[in-house]
Amino acid sequence: MNLELKIPPPLVGLTFGAAAWGLAQAVPPLPLAPALTNTLAVLIALAGAAFDVAGLISFRRAKTTINPLKPQNSSSLVTGGVYQYTRNPMYVGMAFFLTAWAVWLAQPLALLGPVAFVLYISRFQIAPEERILSEIFGEEFAAYKARVRRWL
């Protein structure tokens with residue numbers, strides 16, 4: 001079964017979030033103060049939202065597709081703004097959201113959610129996107145890829 005570019009990344013994130021919740025139900029949470037975990041979770045989620053919004057704004061300004069299932073429709077290579085620091089700010093944002101969820105659950109097993117998300121997205125979403133962007137933008141994408149990290 002070929003999963004490359006088949007499942008929308010937000011759905012992947014929700015799936016791993018649900019799995020993290022399921023794992024969290026298997027054992028008791030850590031005995032941490034809810035004020036601590038809630039505050040930390042909110043801060044991490046806000047960082048995730050900042051990455052997501054910055055990525056979306058950059059794509060909109062460049063007037064290129066934001067559809068992750070159709071990278072072949074990309075009309076320009078976005079390298080400014082948040083894309084100077086990560087090639088995948090929207091996926092970074094989703095990973096932050098999953099990490100915030102795990103912190104809020106106060107359950108170490110829930111941290112498997114963001115780890116699994118990063119592994120899945122790297123293989124089934126980012127790798128095929130990068131192959132297509134290499135075909136479309138050639139040396140420009142190769143140079144960008146050489147200077148900017150995939151994640152952070």
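The values are calculated or read from the model by the stated rules, or taken from the named source; none is laboratory data. This one's a predicted model, so the numbers in the text were calculated from it and none came from an experiment. Positions of Cβ are backbone-derived with ideal geometry, glycine not excepted, and every protein chain shown enters the neighbour counts. The accessibility values were calculated without ligands, DNA or RNA, using every heavy atom of the protein model including side chains. Shrake-Rupley method; radii C 1.70, N 1.55, O 1.52, S 1.80 Å.
Tabulated results
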read-out	value
Cα centroid separation, the stretch 81-148 to the stretch 1-52 (Å)	15
Per residue accessible area in Å² of the stretch 73-114, where ligands, DNA and RNA are left out and the probe is 1.4 Å	39
Cα-based helix-to-principal-axis angle, 127-147 vs the chain, degrees rounded to 10	80
Relative contact order, percent, the stretch 50-152 [alpha-carbon distance under 8 Å, six or more residues apart]	33
Heavy-atom accessible area ranking, 1.4 Å probe, most first, across 120, 144, 85	85, 120, 144
(i) 43, 42, 33; (ii) 41, 32, 27; (iii) 52, 36, 24, with the label sought being that of the calculated Cα extents along the principal axes in Å	(iii)
Over the chain: helical MRE at 222 nm, DSSP H runs n ≥ 4 each giving -39500 (n - 2.57), nearest 500	-21500 deg cm²/dmol
The stretch 7-73: trypsin sites (Lys or Arg not before Pro) falling in loop per DSSP and having at most 10 other Cβ within 10 Å	63
Cα shape, the stretch 93-152, gyration tensor, a/c 1.5 rule	prolate
Whole-number D in µm² s⁻¹ for the stretch 35-99, Kirkwood Cα-pair radius fed into Stokes-Einstein, 20 °C, 1.002 mPa s	171
